Amino acid sequence: MTEVEIDVRGETCPVPLVECRKALRKASPGDLVLVKGTHPASKKEIPMACEALGLEVLGIEDKEGGKEWEIKIRR
């Protein structure tokens, strides 16, 4: 199992979602993808997109007093 980290802090839609999809395509089944970002809309869009793809969202965590977030996805 590999852990892939995507840092899209400071990026706005659609960049975080596009980068997340790219990483998920490259990842092997069972891999963990961590997405770190700051754009509030992406925090909602990424989990919705993952669920639509049948992927498991393991957690959404606020960081830096809510200014940043981290989403964990299992491929």
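Values for this structure:
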quantity	calculated
Options 63, 43, 36: the member that is touching a strand residue (DSSP E or B) at 6+ places or on another chain (Cβ under 9 Å) and more than 18 Å from residue 3 (Cβ to Cβ)	43
Subset of the range 56-70 [touching a residue at least 24 places away in the same chain (Cβ under 8 Å) and out of contact with any helix residue (DSSP H, G or I) (no Cβ under 7 Å at 6 or more places or on another chain)]	58, 63, 67, 68, 70
Residue 49 being more than 11 Å from the chain's Cα centre (by Cα) and in a helix (DSSP H, G or I)	no
Residue 34 in a strand (DSSP E or B), aliphatic (A, V, I, L, M) and in contact (Cβ under 8 Å) with a residue 12 or more places away in the chain	yes
Matching residues, the range 37-46, being farther than 11 Å from residue 73 by Cβ and either outside any loop (DSSP other than H, G, I, E, B) or in contact (Cβ under 8 Å) with a residue 40 or more places away in the chain (or both)	37, 40, 41, 42, 43, 44, 45
The range 9-23 residues that are more than 15 Å from residue 50 (Cβ to Cβ), paired with ones that are at pLDDT 95 or above and of a type in the set (Val, Ile, Thr) (beta carbon under 9 Å, 6 or more apart)	9/38; 10/38; 11/38; 12/38; 15/8
Subset of the range 35-48 [among the hydrophobic types (A, V, I, L, M, F, W, C) and crowded, with 17+ Cβ neighbours inside 10 Å]	35, 46
Scope the range 35-53; condition over 20 Å from residue 10 (Cα atoms) and of a type in the set (Asp, Glu); matching residues	51
Subset of the range 1-31 [part of a helix (DSSP H, G or I) and within 12 Å of residue 71 (Cα to Cα)]	16, 17, 20
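The values are calculated or read from the model by the stated rules, or taken from the named source; none is laboratory data. Because the structure is a prediction, the values reported are computed rather than measured. Using ideal geometry, Cβ is built from the backbone for each residue, glycine included, and neighbour counts are taken over all protein chains shown.
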